[in-house]
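Data first, discussion second: the structure below is written as structure tokens.
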Amino acid sequence: MAPIVHSFDPPDRFVAGTVGQPGQREFFLQAREGRRVASVSLEKQQVAVLASRIDDLLDDLMGSAETATVIPALAPRDLLDSDPLEQPIAAEFRGGTMTLSWDAADERIVIEVFPFDEAELEGLEEQEPAEVFLVRMSAGMARAFVKRAETVVSSGRPPCPFCGGPIDPDGHLCVRANGFRRRNP
């Protein structure tokens, strides 16, 4: 059976966002084209790695003589997006494996997100995914995605200056302070 493809080529909007309070946040990728919206839930680290890899890919393309399009070094101001996620948020699936590439013919960044599959972790046979979240976007939109994703990831709980662990509003037990409770500065 062919997988369900949630395709946005190009999206009107593609962002990373969260729902919930720091320490309890759920992370999402969300794309909108017209009235059609699709969301995929991810782990915080997946959002951070995706943003970093997109940024690295764009930097590599900037220095490549083979790239005909202009790759912006910074996110274009008119593409920056700080609006909340579209409501209601209903994740199509929990994201697992992701791919990232550059389509030179169309001059687009291509992101594919596949559902998390526990069978893959256990080394069982690989199956065709039931769904895929596919986004094809311009380099400028990709830079704007990176800027927002970095802001979203870093806006959680502040890190402890001693152990690096997250500090909850009521503090945390710092392993480097011999069990004394550190408070949020």
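From the list VAL37, VAL19, VAL5, VAL49, pick out the single residue that is over 10 Å from the mean Cα position of the chain (by Cα), of a type in the set (A, V, I, L, M) and under 30 Å from GLY165 (Cβ atoms). Please lay out each step first, then the result.
Values: VAL37 fails: under 30 Å from GLY165 (Cβ atoms); VAL5 fails: under 30 Å from GLY165 (Cβ atoms); VAL49 fails: over 10 Å from the mean Cα position of the chain (by Cα).
The match here is VAL19.
Taken over the stretch 82-121, the residue count meeting the criterion of being among the acidic types (Asp, Glu), surrounded by 15 or more Cβ atoms within 10 Å (Cβ to Cβ) and either modelled with pLDDT of 95 or more or not assigned by TED's automatic domain parsing to the domain that holds LEU57 (or both) is 3.
For (1) within 21 Å of ILE54 (Cα to Cα); (2) touching a residue at least 40 places away in the same chain (Cβ under 8 Å); (3) not in a helix (DSSP H, G or I), each residue gets a yes or a no:
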position	(1), (2), (3)
ASP78	yes, no, no
TRP102	yes, yes, yes
ASP106	yes, no, yes
ILE111	yes, yes, yes
PHE114	yes, no, yes
GLU128	no, yes, yes
VAL146	yes, yes, no
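One residue stands out in the stretch 1-58 among those that are basic (Lys, Arg) and in contact with a strand residue (DSSP E or B) (Cβ under 9 Å, 6 or more places away or on another chain): the one that is surrounded by the most Cβ atoms within 10 Å (Cβ to Cβ), namely ARG13. Tallying residues that are in a strand (DSSP E or B) and polar (S, T, N, Q) within the stretch 1-53 yields 5.
Can you find a residue that is surrounded by fewer than 17 Cβ atoms within 10 Å (Cβ to Cβ) and closer than 22 Å to GLN45 by Cβ anywhere in the stretch 139-149?
No, the stretch 139-149 contains no residue that is surrounded by fewer than 17 Cβ atoms within 10 Å (Cβ to Cβ) and closer than 22 Å to GLN45 by Cβ.
The values are calculated or read from the model by the stated rules, or taken from the named source; none is laboratory data. Here the structure is a predicted model, which means the values were calculated and not measured. Because the Cβ atoms are built from the backbone with ideal geometry, glycine has one as well, and the counts that use them run over all protein chains shown.
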